[in-house]
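The values are calculated or read from the model by the stated rules, or taken from the named source; none is laboratory data. All of these numbers come straight from a predicted model, not from anything done at the bench. Don't worry about glycine lacking a Cβ; one is built from the backbone with ideal geometry, like all the others, and counts go over all protein chains shown. In case anyone asks, the SASA skips ligands and DNA or RNA and just uses the protein heavy atoms, side chains included. Shrake-Rupley method; radii C 1.70, N 1.55, O 1.52, S 1.80 Å.
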Amino acid sequence: MRRPFMNAPDQLASLDGQQYLVLRPSGPVAELYEREQDAALQHADVRHPHTGHVTLRGFYEPQRREELAALVREWAAAQPPVDVTVEAVDVFPAPWQIVILRLARTATVVSAYASLTRALDATDFRRLGELSLEDWTFHLSVLYGKTLSAHEWNALEAASVLELADGPTETIDEIELVSYDSGAEYAEVIRLGG
């Protein structure tokens with residue numbers, strides 16, 4: 001059975017009407033993610049994803065989900081599998097206060113983001129929090145520490161940040177279009193076919 005990305009009722013409610021295009025690691029990257037999330041939760045019991053994932057885009061298209069899915073399917077058919085390699089356990093500092101696994105800018109992850117941008121630029125889909133390829137940090141969010149005090153956050157950051165000389169790598173051959181509606185998470189798994 002597919003494990004949801006988010007499962008806390010308040011998280012699900014906050015995402016209502018949104019859609020996300022994500023990669024789900026299932027090998028060595030996922031194993032590192034689980035270890036690092038368990039370690040971070042020992043320092044701070046705060047909101048966090050239920051399952052590790054790499055977000056390529058966010059949308060707010062509650063009325064046009066099928067149109068969005070059609071575009072994603074067409075894009076995915078031409079997109080080769082994506083290689084993800086973890087470079088470090090890192091953070092997005094205040095005001096975000098998020099512990100992350102920072103990914104290397106592999107040729108396939110950069111190409112996926114760029115080709116998706118080109119496909120989306122021909123549409124008027126409403127995109128959430130999008131940055132240019134140059135400004136985007138490929139990552140998996142491990143823990144959301146925004147509610148922590150400065151002292152608590154500094155301690156968590158000090159305990160978490162770690163450069164990895166030889167971080168895990170895996171190739172992901174499918175993408176998920178995840179949508180949130182009325183407190184529930186739904187996902188369509190789409191094969192990458194390039």
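On the stretch given as segment 40-80, residues that are open to solvent by less than 50 Å² (accessible area, probe 1.4 Å), closer than 24 Å to ALA104 by Cα and among the small types (Gly, Ala, Ser) total 4. Counting only strands (runs of 3 or more DSSP E) that sit completely within segment 144-194, those holding 3 or more residues that are among the aliphatic types (A, V, I, L, M) correspond to 174-181, 184-191. Being assigned to a loop (DSSP other than H, G, I, E, B), modelled with pLDDT of 95 or more and in contact with a Lys or Arg (Cβ under 7 Å, 6 or more places away or on another chain), is that true of even one residue in segment 99-118? Among the residues of segment 99-118, not one is assigned to a loop (DSSP other than H, G, I, E, B), modelled with pLDDT of 95 or more and in contact with a Lys or Arg (Cβ under 7 Å, 6 or more places away or on another chain), which makes the answer no.
Residues being without any contact (Cβ under 8 Å) to a residue 40 or more places away in the chain, under 16 Å from the mean Cα position of the chain (by Cα) and open to solvent by 80 Å² or more (accessible area, probe 1.4 Å) are entirely absent from segment 8-23. With over 30 Å from GLN63 (Cα atoms) and either surrounded by 15 or more Cβ atoms within 10 Å (Cβ to Cβ) or of a type in the set (Phe, Trp, Tyr) (or both) as the only criterion, which of GLU185, GLU170, GLU174 stands out? Sole residue among the options that is over 30 Å from GLN63 (Cα atoms) and either surrounded by 15 or more Cβ atoms within 10 Å (Cβ to Cβ) or of a type in the set (Phe, Trp, Tyr) (or both): GLU170.
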